[in-house]
1. Quick check: is even one residue across the stretch 143-150 part of a loop (DSSP other than H, G, I, E, B) and either touching a helix residue (DSSP H, G or I) at 6+ places or on another chain (Cβ under 9 Å) or not assigned by TED's automatic domain parsing to the domain that holds residue 27 (or both)?
2. State whether the residues of the stretch 67-83 include one that is in a loop (DSSP other than H, G, I, E, B), within 25 Å of residue 183 (Cα to Cα), in contact with a strand residue (DSSP E or B) (Cβ under 7 Å, 6 or more places away or on another chain) and not assigned by TED's automatic domain parsing to the domain that holds residue 169.
3. Pick from the stretch 37-54 the residues that are in contact with a helix residue (DSSP H, G or I) (Cβ under 9 Å, 6 or more places away or on another chain) and farther than 15 Å from residue 68 by Cβ: which of them is surrounded by the fewest Cβ atoms within 10 Å (Cβ to Cβ)?
4. Return the residue satisfying two criteria in turn: it lies in the stretch 186-228 and is part of a helix (DSSP H, G or I) and either in contact with a helix residue (DSSP H, G or I) (Cβ under 8 Å, 6 or more places away or on another chain) or touching a residue at least 12 places away in the same chain (Cβ under 8 Å) (or both), and of such residues it is nearest to residue 7 (Cα to Cα).
5. Please pick out the residue among 100, 90 that is touching a residue at least 60 places away in the same chain (Cβ under 8 Å) and part of a loop (DSSP other than H, G, I, E, B).
């Protein structure tokens, strides 16, 4: 059922893409539905250039016949379709990165004119941090020092492990520390604090970036526009 809801929302997001657009292609299970939907439209004649946020998405896009490009070739992205681990109701702020691609996702989001987030209803929360940890991408060298500083902010960072129990490695060659803060009262303040920590490459707080959230629910697809 959840996959069907995600697919419906992803189809609605893919329908927003117009001929000639530069399109950011998100990562994760929900974004994969959107990439699949875009692949169908490309086969029907839609002309776009896709900028993937992960190697996994790049492979999927190429397999579907979506022309793949990069930010080295384009100075902006017209629309990006991605998923999220949490969406804060009201602000449409996000926690992302549980799929392991937060750095590239944030780079693409920051270059995007219209960031469209596709989720199922379970991802909507009253406050960020209510259900999931905040991922931080950190350099492997001396990551323990970053973890020690994070403890002073009131969290117990956990290094993310791969299936073989070794540290998970991102596409950028970094580790991920998952940090539970509980419901976050002031996400802007927390992001400022995280940005000062030496060794932290990027955090999973995506604040003020979202244009539209498309929610696939049992009663249909709901579109939440930030401007509204």
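The values are calculated or read from the model by the stated rules, or taken from the named source; none is laboratory data. Quick caveat, the model's predicted, so the values are computed rather than measured. As a convention, Cβ positions derive from the backbone with ideal geometry for all residues, glycine included, and neighbour counts pool all protein chains shown.
1. no
2. Yes; the residues of the stretch 67-83 include at least one that is in a loop (DSSP other than H, G, I, E, B), within 25 Å of residue 183 (Cα to Cα), in contact with a strand residue (DSSP E or B) (Cβ under 7 Å, 6 or more places away or on another chain) and not assigned by TED's automatic domain parsing to the domain that holds residue 169.
3. 40
4. 187
5. 100
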